[in-house]
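A short reminder: the numbers here are calculations on the coordinates, not readings from a lab. Because the structure is predicted, anything quoted here is derived from the model rather than measured. Cβ placement follows ideal geometry from the backbone for every residue including glycine, while neighbour counts extend to all protein chains displayed.
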Amino acid sequence: MVVRVVLATVLAAALLAASLPAVESVRTDRTTAAMERTIDQVERAGSRLLTDEAADAGARRVVTVSLPARSFTAAGVDQFTVRCSRECTIDYRVAGGDLQSRRLPSVPLATPDGPVTFSTVGTHRLTLGLRRQNGSRVVTVRG
């Protein structure tokens, strides 16, 4: 009887150890997909501001950015940043991973107050505004 219990415990531990890398991979993939959807939302909101003929300088859209905590279903996000120097990028880092960076070439972005960075777990708001800069319409990003 004792041998069966020990054998069952060893087998359960081996199965758990074998499955944990797969769980971690799925957790990371799920969080990465969520961050990419958030970037898509920023891009769509900026595009709508630019293409809406009725939108005048001063028009705004708000995009919600959710940074999940590390849990059984989410890998967690260490940071989310919108920065513009020569070109604008949105960067994020899934906990323990490399920095992921994506350009939005279809939307002229500007961060007039400097980079917008979120690094705490929870829900944050990006405010996209429309203004004229050098005769063309630009989408500003503020946190």
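For the pair Phe72 and Ala33 in one chain, pulling the backbone fully straight at 0.36 nm per residue adds 12.4 nm over the alpha carbon distance.
Over region 49-132, the reciprocal of the mean inverse Cα-Cα separation, the Kirkwood hydrodynamic radius, stands at 14.2 Å. Label-to-label distance for Asp98 and Asn134 is 3.2 nm, based on points extended 7 Å past Cα in the beta-carbon direction.
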